[in-house]
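The values are calculated or read from the model by the stated rules, or taken from the named source; none is laboratory data. In this text, all values refer to a predicted model and were calculated from it rather than measured experimentally. Heads up, the Cβs are rebuilt from the backbone with ideal geometry, glycines too, and the neighbour counts pull from every protein chain shown. The area values use the complete protein model at the heavy-atom level, side chains included, leaving out ligands, DNA and RNA. Shrake-Rupley method; radii C 1.70, N 1.55, O 1.52, S 1.80 Å.
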Amino acid sequence: MMASSYNAKEEDGHHSGATSHGGAGAVKSKKPDNTAFKQQRLPAWQPILTAGTVLPAFFVIGLIFIPIGIGLYVTSNNIKEFEVDYTGVDVDSPCYTCAMNFSWNNTLPCTCSVDFTLEQPFESNVFMYYGLSNFYQNHRRYVKSRDDSQLNGDRSALTNPSKECEPYRTSEGVPIAPCGAIANSLFNDTLDLFHIDSNGSRNAINLVKKGIAWWTDKHVKFRNPGGNSNITLAFQGTAKPVNWRKPVFELDPSDPENNGFINEDFIVWMRTAALPTFRKLYRIIQKKSSTTPTLPSGKYTLEITYNYPVLSFDGRKRMILSTISWMGGKNPFLGIAYITVGSICFFLGVVLLIIHHKYDTRNNSADIPN
Amino acid sequence: MCTYVPLSYSLPLSGCQDNVVRSYKYSPLTFLPLTLFEQFQRAANLYFLLMVVMQCVPAISSIPWYITIIPLTTVLTVRGLKDLSNDMVRLARAVILGAIISLSCMYLNFLFDPSIFCLFVQADLLLLCSSEPHSLCYVETADIDGETNLKYRQALSATHNELTSHPSEEALSVVLCEEPNNRLYSFRGQLQWRGKCLLLDSEHILLRGTVLRNTDFAYGLAIYTGADTKILRNCGKLKVKTTQTEKVFNQVVIGVSGCSKLSLLLAIGSGVFSSQVMSQTGVPSALVVNGNPVYTGFLIYWSYIILLSPAMPIALYISSVPPTILRSLFIGWDLEMYWQPADRPAQARNTSLNEELGQVGYLLSDKTGTLTQNRLLFRQCCIAGEIYERQPETLDVLICNGHPMELSWNPFSCGGLFMSAPGLVEKLRGQQCPLSKQFLTALALCHTVMAEWKDGETPVYQAASPDEEALVGAARELGWAFLSRTRDFLVVSELGVTRQYQLLALLDFTSKRRRMSVLEPEGGLKLYCKGADIVILERLQKDCPYQERIERALELFAEACLRTLCVAVRSVPEASWEQWSQTLAESAAMTTCDRDALLEKLYDQMERDLQLLGVTAIEDRLQEGVPETIALLQEAGLKVWVLTGDKKETAVNIGYSCKLLDPDTRLLEWQELRLAMIKINKHTQTDTCTHSHHPIDLCLFAPADRYSSPQTHRSVSSRPDRQSCGLQTRRWLVQRLLWSSLGQKFDQRPEWGATFMRLAEQCQSVLCCRVTPAQKSEIVKLVRKHTGSITMSIGDGANDVNMIKTAHVGVGLAGVEGGQAVQNADFALSQFRFLQRLLLVHGRWSYRRISNFLRYFLFKTCSFALVHIWFGIFNGFSAQSLYETWFIALYTVSYTAFPTMCLAIFEQDVSAESSLKFPELYKCGPRQELSNPLMLSLSLLQAVYSSLVLFFIPFGVFYDTAVDFQTMAVTVAMAATFAIVRLTRFWTKFSIAALCVSVSMLFICTRLCHSARLFQSSPVDYVFIGTILLHSLQTCS
């Protein structure tokens, strides 16, 4: 309707112009163009909040969110997870002595073992994590305290690390490789898992230590200076981080592809966590055959080489075994959040519907035309 | 103080000033420092510079220095380029002017070139002689005051004679003149010429900017050059109008930076954290700087200031510019505001003011040419008590067809007399009535009109005022055709007989005198005078014949909304004339300040004992759609004030006819309104006495019928429930005495202004009559001062320029009175009725868009930045950023800029038709409902809520999982970007495109920043290498 009246008007203008100016065509008229853009008549979709749109929206959101939430929750519940705290705070916990007697100068590593029982067998691949609590890996000064150039194999950065690494930049004048607080605080407990047979014999479980880091980290971000060959020579003239027991080129002497900066345990540690309670992937237990579960139910022993002190900052150390699903690890929060939001929407929808039906006396013809 | 300019025309004058005017600001050398200096005067820019400096300090730098400098340099560059381009335009103009001025400084010889008919005068010149007889010189001053008619300037006869008769001997002369000033219409100086002292005034001066017409050449002496010329002195100070919204912007910026005091809390938290947790022996303890928690807290404070600085919407300034410009273009593109007959679209000359249009509370309008068409028609006259007018019932067909009267006997007639008075014509042709003859002679002689003979046998009249043109034209139609004017003579054809009248004196028209007179010696010395009724009627001789009947006619005409002028004559005795002219010459020779007062007195002496001849009545028709527009604007809650120089009756009648006043209202007038004001103000009686006795009493008010007494009014206004009486239509008429220093009075007695405004606030409309241009702007100032509302002035003539400049928003109507008003206005329209669309549609939309934009910007930046506070709780208050540094840099600039800009350009809540149909919708603008602190704090609350969701949902999901910092950062960043989507309410294809661009920008830039190649080139800057997707794929495999 608008458009038609508009056209008529334009025609009128055209006629009068032609008659009054005579050869007006030659002179360029300053008349604005009658386009939708210039006349601000762009076709537009403008959602208007009325009972007719809001109520269905609430119900639809509720009906979509609740099933999603339930799905997420069920999936999360199906994930099997087992957690062992081996910090050794209590007197009767097996690692108590190791925790209490900890000293950086200990030459002999302190070991302790924790027994636990899996009630249910773990099917498919099992991921083994270590978890730390109250460890502020996201503290700004900590996060900054690294030199990515050095870790990328830059030779100049190897001998002259970035200032960000202070105070872990040099040790007695010799540059530290890898420098910085993150590397210095590398998690260096060794965890081994044994399955206890029904006859009481201990079978070591094969823990795969490759493939736990991000692909880009392993292949792009972290590189040894001068390639992987003769790594000892490459790190000559550098010092090991203060808290380390062995230099970086001895992290995994057995495998040159996993030694030095490209050691996957090191890489995983260097990828800082977002929150002070976090876990990091330690090992993967691969499924052997389709018939037997990866970890059958039964008794297990976790042997810990206790190198990493956490009690000084009131931290906790845990070992976690978990299967994963499409949504990652066990996490009921997202499912609960979805269910909550969906339910609130649904409930509000019902309340508004009741109000609408009870108090709506307006007739719809009085709507403001758009 | 006088400047001496030696005049010796044999030598070129050395050391004269450069006439080049630098209207451009920048040179290549000064551009950078100047533009930086200008831009860092803005608080936000300075703040961000400070941020950059702080980010360079490693101890506190929470985000790298280049993150802030990217938006900052963008802002500075865009702004600088804009200023530069504006300056380039000015430079181009200056070059054009400069090309013409390359003439010698001594004599400016305007050589006649047939190709250039008109010549621009490029300096203020003293006219020495010209090609015309008596060194008359015709000029047009359209560039100075907008008047397009021809005026004349004349050289002194001394210089004229000397220069035209080829001088043989050298003569040293000295010109004394005033210091350069900005008074366009006055000049005082002396020419010391051969021992004589000749007086110079503005008649002898050609100002820069005037155009020489019909004159082959003119010689002049440059008096003021370059920046000293009067026109440049006049346009010196151009005040930049700042908008209300810009003030809100600044308040928001200050408020947000105040919010960054939150970082103090965080710093305390950090200090506590470092003393409680980190000073223990352990891995991170070495990171506590110097082991001193207080010092750590101090550093963290600054780090948080930096980290939270993105909350400060620096990009607000820059991203609000393109939408504002586009919205101004929309005004020019609107077909509904395009005026076909003149081929003139509306024009937004000031691009930054369009949101003000949505908040106007007071509309102050000129009357003539604004509400009316300013096409004047001579409708009626009253000569010797007899009224000649159109008789609607007895009009014959010819009159209806546009040939109102049989005037074929008159060779000079060219139609256009909309009046039918066969009786008058008969009387005139039959020489029956001497009074009618005198009346027409007066009309033909007493004016400043110039006649131009372009083609054909009828002259074309060039007049300063349309009234004069209408009067002289009417006289021509009736047989008294004014043919030409020389310096001292006027040639008039009286019923075919050409007669030459000598002009002994011309007592000029000023807005103060409001009358003009000429003296001519034909058949006994006669003074013809025409002027406003008040001034003429008080100068009549005693018991003037027909006075009563003429006064009644005057009332009659005024009621019919006609503009009236009285015409009178006086026979001057020879003796008194001689004495008078001598005194005049003497007093004219005075250079002191009271010369003007003396002249005034002398003129007054001459213009008395007048004999009233008659009254002319000129019709000025209302423009199309004016009553409807005024009614609509009043419905929209605007207070419409009309300021006019007309007399009360005319103003009231115009008020009725344009629905400003209702027929059922009684007007508040004179004493009563002052009483009302006194009652309101509880003034003491002594005060009023001094006021009423004073000749310059300020207001003449009249109460409307709704208030039986001022007391009720007071009680009503002090009661909280003003709503009930607000519904009644209350109109007040305010009439002001002609009094030039009204503003001063208000300054001296500020309480009077306040009282008046308190009264006026109760009224829907106010009509001010008898106001001068200066008073118009005083009224605007008064409104601005005493109400917080946005004022808008609309006018069409040079007399409205002051008011247009004073108001928050000035609208110029491009009418017949030249381009002065439009030149000084912020918006130019062609018709008054377009105002409804400008205000109710464009203004309302603009206001809505800018305030929504502001709120959403606030929401966007705050919800983005506040996340860091919640994150601080979980990272030991260490000012760690949750986002990747590049995300911070690009978030406001590229990820979220386009959707918000679309919002600021396209958002419409209701269509244009509905906006006009429901004018009440406009009311939320003047009340600032969309940009008040409450709304802003609401969006701030919304931002807080949104930041809580943005942080704590990922927090819950990622708590105690193997998900690393990078993943969380990217997740939160994406969520923050998508939160912007739901702001758009009006989805056009552009909004959708902008959204797609933003989202794809987010993905592309994120992918780029995380790419291996960039990491290789600079590992420190691109730490977030790798994508979650790749990682999860690999994990699953």
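The rows are residues; the columns are (1) surrounded by 20 or more Cβ atoms within 10 Å (Cβ to Cβ); (2) in a helix (DSSP H, G or I); (3) in contact with a Pro (Cβ under 8 Å, 6 or more places away or on another chain); (4) more than 12 Å from chain A (Cβ to nearest Cβ).
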{"position": "B:THR900", "(1), (2), (3), (4)": "yes, yes, no, yes"}
{"position": "B:SER914", "(1), (2), (3), (4)": "no, yes, yes, no"}
{"position": "B:ARG927", "(1), (2), (3), (4)": "no, no, no, yes"}
{"position": "B:LEU934", "(1), (2), (3), (4)": "no, yes, no, yes"}
{"position": "B:SER937", "(1), (2), (3), (4)": "no, yes, no, yes"}
{"position": "B:LEU940", "(1), (2), (3), (4)": "yes, yes, no, yes"}
{"position": "B:VAL949", "(1), (2), (3), (4)": "no, yes, no, no"}
{"position": "B:ASP960", "(1), (2), (3), (4)": "yes, no, no, no"}
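Here is a yes/no grid of residues against (1) under 31 Å from the mean Cα position of the chain (by Cα); (2) under 28 Å from A:SER103 (Cβ atoms); (3) open to solvent by less than 40 Å² (accessible area, probe 1.4 Å):
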residue	(1), (2), (3)
A:ASP197	no, no, no
A:ALA204	yes, no, no
A:LYS221	yes, no, yes
A:ASN230	no, no, no
A:PRO241	yes, yes, yes
A:ASP252	yes, yes, yes
A:PRO256	yes, no, no
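Which pairs turn up if I take residues in region A:83-100 that are closer than 15 Å to A:PHE116 by Cβ and look for partners that are outside any helix (DSSP H, G or I) and open to solvent by 30 Å² or more (accessible area, probe 1.4 Å) with beta carbon separation below 7 Å, at least 6 apart in sequence or on another chain?
These pairs meet every condition: A:ASP85/A:ARG316; A:THR87/A:ARG316; A:PRO94/A:SER113.
It is to be established whether one or more residues within region B:927-935 are under 30 Å from A:GLY69 (Cα atoms), free of Cβ contacts under 8 Å to residues at least 60 places away in the same chain and touching a Gly at 6+ places or on another chain (Cβ under 9 Å). Break it down into steps so the answer makes sense when it comes.
The initial filter retains those residues of region B:927-935 that are under 30 Å from A:GLY69 (Cα atoms), namely none.
No, region B:927-935 has no match at all.
Quick grid of which residues meet (1) in contact with a His (Cβ under 6 Å, 6 or more places away or on another chain); (2) away from every other protein chain (no Cβ under 14 Å); (3) touching a residue at least 60 places away in the same chain (Cβ under 8 Å):
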{"residue": "A:THR35", "(1), (2), (3)": "no, no, no"}
{"residue": "A:GLN39", "(1), (2), (3)": "no, no, no"}
{"residue": "A:PRO43", "(1), (2), (3)": "no, no, no"}
{"residue": "A:ILE48", "(1), (2), (3)": "no, no, yes"}
{"residue": "A:THR53", "(1), (2), (3)": "no, no, no"}
{"residue": "A:PHE59", "(1), (2), (3)": "no, yes, yes"}
{"residue": "A:GLY71", "(1), (2), (3)": "no, yes, yes"}
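Among (1) within 24 Å of A:PRO247 (Cβ to Cβ); (2) modelled with pLDDT under 90; (3) open to solvent by 10 Å² or more (accessible area, probe 1.4 Å), there is one condition A:GLN137 misses while meeting the rest; what is its number?
(3)
Please work out if B:LEU921 is over 38 Å from the mean Cα position of the chain (by Cα), farther than 15 Å from B:ALA979 by Cβ and hydrophobic (A, V, I, L, M, F, W, C). Steps first, answer last, please.
Values: over 38 Å from the mean Cα position of the chain (by Cα): no; farther than 15 Å from B:ALA979 by Cβ: yes; hydrophobic (A, V, I, L, M, F, W, C): yes.
No, not satisfied.
Has region B:575-597 got at least one residue that is in contact with a Phe, Trp or Tyr (Cβ under 8 Å, 6 or more places away or on another chain) and of a type in the set (Lys, Arg)? Give the steps one after another, and end with the answer.
Within region B:575-597, the subset in contact with a Phe, Trp or Tyr (Cβ under 8 Å, 6 or more places away or on another chain) is none.
No, region B:575-597 contains no residue that is in contact with a Phe, Trp or Tyr (Cβ under 8 Å, 6 or more places away or on another chain) and of a type in the set (Lys, Arg).
Within region B:350-366, work out how many residues are in contact with a Gly (Cβ under 8 Å, 6 or more places away or on another chain) and not in a strand (DSSP E or B).
Taking region B:350-366 first, the residues in contact with a Gly (Cβ under 8 Å, 6 or more places away or on another chain) are B:354-361, B:365-366.
Add one more test, that the residue is not in a strand (DSSP E or B), and what stays is B:354-359.
Adding up the residues that qualify gives 6.
Is it fair to say B:THR885 is closer than 30 Å to A:ILE267 by Cβ and assigned by the TED database to the domain that holds B:TYR1022?
Details: closer than 30 Å to A:ILE267 by Cβ: yes; assigned by the TED database to the domain that holds B:TYR1022: yes.
Taking the combined requirement at face value, the residue satisfies it.
Restricting region B:326-360 to residues that are more than 14 Å from every other protein chain (Cβ to nearest Cβ) and either of a type in the set (Val, Ile, Thr) or open to solvent by 40 Å² or more (accessible area, probe 1.4 Å) (or both), which is nearest to the chain's Cα centre (by Cα)? Spell out the reasoning first.
Step one: filter region B:326-360 for residues more than 14 Å from every other protein chain (Cβ to nearest Cβ), giving B:349-353, B:355-360.
Adding the requirement that they be either of a type in the set (Val, Ile, Thr) or open to solvent by 40 Å² or more (accessible area, probe 1.4 Å) (or both) leaves B:349, B:351-352, B:360.
Working: B:ARG349: 10, B:THR351: 13, B:SER352: 13, B:VAL360: 14 Å.
Selected residue: B:ARG349.
Being within 14 Å of another protein chain (Cβ to nearest Cβ), open to solvent by 10 Å² or more (accessible area, probe 1.4 Å) and outside any helix (DSSP H, G or I) is the filter here, so list the residues in region B:972-1009 that pass it.
Within region B:972-1009, B:THR984, B:ARG985, B:PHE986, B:TRP987 meet the criteria.
From the list B:LEU565, B:LEU598, B:LEU632, B:LEU613, pick out the single residue that is at pLDDT 80 or above, in a helix (DSSP H, G or I) and open to solvent by less than 60 Å² (accessible area, probe 1.4 Å). Write out each step before concluding.
On the way: B:LEU565 fails: in a helix (DSSP H, G or I); B:LEU598 fails: open to solvent by less than 60 Å² (accessible area, probe 1.4 Å); B:LEU613 fails: in a helix (DSSP H, G or I).
Just one listed residue meets the conditions, B:LEU632.
Inside region A:326-370, can you point out the residues that are at pLDDT 80 or above, out of contact with any Lys or Arg (no Cβ under 9 Å at 6 or more places or on another chain), within 14 Å of another protein chain (Cβ to nearest Cβ) and open to solvent by 30 Å² or more (accessible area, probe 1.4 Å)?
A:PRO332, A:PHE333, A:LEU334, A:ILE336, A:TYR338, A:ILE339, A:THR340, A:VAL341, A:ILE344
For A:PHE235, are the conditions met, namely being of a type outside the set (D, E, K, R), closer than 29 Å to A:GLU172 by Cβ and more than 14 Å from chain B (Cβ to nearest Cβ)? Give the steps one after another, and end with the answer.
Working: of a type outside the set (D, E, K, R): yes; closer than 29 Å to A:GLU172 by Cβ: yes; more than 14 Å from chain B (Cβ to nearest Cβ): yes.
Judged against the criteria, A:PHE235 is a match.
Yes or no: B:ALA821 touching a residue at least 40 places away in the same chain (Cβ under 8 Å), farther than 27 Å from B:ALA631 by Cα and more than 14 Å from chain A (Cβ to nearest Cβ)?
Working: touching a residue at least 40 places away in the same chain (Cβ under 8 Å): yes; farther than 27 Å from B:ALA631 by Cα: no; more than 14 Å from chain A (Cβ to nearest Cβ): yes.
So B:ALA821 fails the test.
So which pairs qualify, if the first residue must be in region A:223-240 and farther than 11 Å from A:ASN152 by Cα, the second must be part of a strand (DSSP E or B) and of a type in the set (Val, Ile, Thr), the Cβ gap must be under 8 Å, and the two must be at least 6 apart or on different chains?
A:GLY237/A:VAL174; A:THR238/A:VAL174; A:THR238/A:ILE176; A:ALA239/A:THR170; A:ALA239/A:VAL174; A:ALA239/A:ILE176; A:LYS240/A:ILE176
Would you point out the residue of region A:289-318, among those that are in a strand (DSSP E or B) and within 14 Å of chain B (Cβ to nearest Cβ), that is surrounded by the most Cβ atoms within 10 Å (Cβ to Cβ)? Lay out the reasoning, then the answer.
Pass one, region A:289-318, residues in a strand (DSSP E or B): A:295, A:298-306, A:316-318.
Those left that are additionally within 14 Å of chain B (Cβ to nearest Cβ): A:316-318.
Numbers: A:ARG316: 17, A:LYS317: 25, A:ARG318: 17.
For region A:289-318, the residue satisfying everything is A:LYS317.
I need a count of the residues in region A:222-258 that are modelled with pLDDT under 85 and touching a Lys or Arg at 6+ places or on another chain (Cβ under 8 Å).
Matching residues across region A:222-258 total 1.
Taking the stated definitions as given, is A:VAL268 open to solvent by less than 10 Å² (accessible area, probe 1.4 Å) and either touching a residue at least 12 places away in the same chain (Cβ under 8 Å) or not hydroxyl-bearing (Ser, Thr, Tyr) (or both)? Before the answer, list the steps.
Values: open to solvent by less than 10 Å² (accessible area, probe 1.4 Å): no; either touching a residue at least 12 places away in the same chain (Cβ under 8 Å) or not hydroxyl-bearing (Ser, Thr, Tyr) (or both): yes.
Considered against the rule, which asks whether it is open to solvent by less than 10 Å² (accessible area, probe 1.4 Å) and either touching a residue at least 12 places away in the same chain (Cβ under 8 Å) or not hydroxyl-bearing (Ser, Thr, Tyr) (or both), A:VAL268 comes out as no.
Would you mention how many residues in region A:155-180 are within 11 Å of another protein chain (Cβ to nearest Cβ), over 18 Å from A:ARG223 (Cα atoms) and either out of contact with any strand residue (DSSP E or B) (no Cβ under 8 Å at 6 or more places or on another chain) or β-branched (Val, Ile, Thr) (or both)?
4
Hey, among the residues in region B:767-781 that are of a type in the set (A, V, I, L, M, F, W, C) and surrounded by fewer than 23 Cβ atoms within 10 Å (Cβ to Cβ), which one's nearest to B:SER365 (Cα to Cα)?
To start, the set of residues in region B:767-781 that are of a type in the set (A, V, I, L, M, F, W, C) comprises B:767-769, B:771, B:774, B:779-780.
Imposing the further condition that a residue be surrounded by fewer than 23 Cβ atoms within 10 Å (Cβ to Cβ) reduces the set to B:768, B:774.
Working: B:CYS768: 10, B:ALA774: 14 Å.
Among residues in region B:767-781 that are of a type in the set (A, V, I, L, M, F, W, C) and surrounded by fewer than 23 Cβ atoms within 10 Å (Cβ to Cβ), the one nearest to B:SER365 (Cα to Cα) is B:CYS768.
Given A:LEU132, A:LEU118, A:LEU108, which one is open to solvent by less than 10 Å² (accessible area, probe 1.4 Å), more than 8 Å from chain B (Cβ to nearest Cβ), of a type outside the set (Lys, Arg) and over 26 Å from the mean Cα position of the chain (by Cα)? Steps first, answer last, please.
Details: A:LEU132 fails: over 26 Å from the mean Cα position of the chain (by Cα); A:LEU108 fails: open to solvent by less than 10 Å² (accessible area, probe 1.4 Å).
The match here is A:LEU118.
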